[in-house]
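Shown next, in structure tokens, is the structure this report addresses.
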Amino acid sequence: MASAINNTGVRADCDSHGGGGEEVVTIVHGNYGLTCELHVEISHIYTIEGDFNISVTAFTARSEEITSVKSWTMLNVRTAIDDVSLLVESVVAVRHNVTVSASVSPRSQFVKYYWTVSSFDFMHSGVNSSLILSAVTDIPELWLVLTGVGDYLIEVTVTNEISEANDSVIMAAVVPVSGLSLSCDSDKSFATNATFECLATVEEGTDVRFAWNVGGGVLAHITTSTSNSTSTATVTNPAIGWYNTTVTASNHLSATSAWTMVNIAENVFRLSALATEPVLVGQPVSITACCALGSNLMLEFDFGSGNHQLVLDQKSRAVTAVHVYRLPGIYVVTVSAQNNVSMAVTRVTVRVLENVADVGLKTISALVAGRHSVFMAAFNGNLLHLIYVCLKISYFLSVNGLMLLVE
């Protein structure tokens with residue numbers, strides 16, 4: 001709606017048309033009296049933004065002569081900004097492209113965006129910040145790459161000719177978790193109820209957290225070193241079987257997992273032993289022990305009358321201990337293999353015989369042809385074992401004048 005008011009107080013009205021067009025006000029002859037000035041005011045509501053050219057033309061008609069005067073001005077119509085919100089991930093990766101977006105309400109196309117990015121440190125005595133970037137854009141986006149780990153304060157002020165709004169957000173830049181490795185001591189086989197350590201290490205990552213899953217095992221203790229990005233889990237498995245030990249390393253940006261299979265067995269090192277027996281009293285007996293699995297193994301041979309501790313040869317996977325028994329008998333030798341994690345035990349039997357030097361033989365009954373003869377063999381020692389004595393009987397037979405040896 002347009003209206004015109006002259007200096008006499010007379011108002012004339014006419015319809016308006018949307019965001020533009022022509023407004024015509026007719027000044028009837030004689031309604032302005034005898035003054036030399038005519039003031040005309042026009043009101044209009046614009047429903048869209050833009051830059052509009054407003055012009056006015058005044059016509060006068062006297063007799064047959066028409067006189068006109070024209071003037072114009074520019075009018076900037078803008079939407080008033082009520083609010084702006086920053087849209088960005090709360091955690092981003094360092095040395096990666098980051099896009100920060102601003103959402104303006106209500107929307108306006110005639111605005112400028114004034115951005116600032118500051119490093120943001122929470123201190124015990126307060127907050128310390130330093131400006132690292134300042135930029136002005138015509139679009140609601142800011143592209144940046146953060147090269148350092150830490151917290152950043154991002155602020156934006158959106159303005160046009162009639163309004164202003166601002167918003168801020170704190171964003172954390174971290175290093176993603178990568179290069180996760182997992183190992184359980186130096187072996188993957190352990191004895192039941194053995195306590196062993198599993199070590200997880202990441203090559204990169206900021207504020208890494210570790211989560212362990214040891215299957216049917218029991219987590220006795222967990223220690224985490226933030227500076228070295230490592231975590232150590234102390235594990236005990238009470239039952240025989242294969243167990244899947246899994247660790248997950250994560251931070252606010254990413255996560256990765258690693259796993260390994262752990263074998264809990266009775267004979268964890270596959271220990272076996274073999275003795276060179278039987279032996280005579282005073283002669284060395286050799287016992288060779290073999291371990292198919294395990295590392296850093298110490299083997300102990302318990303002969304009953306003496307112990308021997310030997311280090312397992314890693315190439316041959318075997319070691320031999322030698323011992324001398326001074327008395328005859330049956331001996332049980334215990335062989336144990338252990339490292340700093342597990343232990344395995346096996347046993348082997350050694351027969352030690354008395355040394356027999358002389359055997360004496362004499363008849364108990366008379367030697368009669370066709371009858372059984374009884375002989376007695378005498379040994380110069382007490383034998384604890386059953387010894388089979390074979391008597392070789394030889395005699396001469398005369399046949400037709402020839403002497404034949406019969407055995």
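The values are calculated or read from the model by the stated rules, or taken from the named source; none is laboratory data. All values reported here derive from a predicted model rather than from experimental measurement. So basically every Cβ, Gly included, is an ideal-geometry build from the backbone, and we count neighbours across all protein chains shown.
Tabulated data
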quantity: Identity of the residue in region 215-268, outside any strand (DSSP E or B) and at pLDDT 85 or above, that ends up surrounded by the most Cβ atoms within 10 Å (Cβ to Cβ); calculated: Ser229
quantity: Residue in region 122-132 that is β-branched (Val, Ile, Thr) and not in a loop (DSSP other than H, G, I, E, B) present; calculated: yes
quantity: Residue within region 192-201 that is farther than 17 Å from Val268 by Cβ and β-branched (Val, Ile, Thr) present; calculated: yes
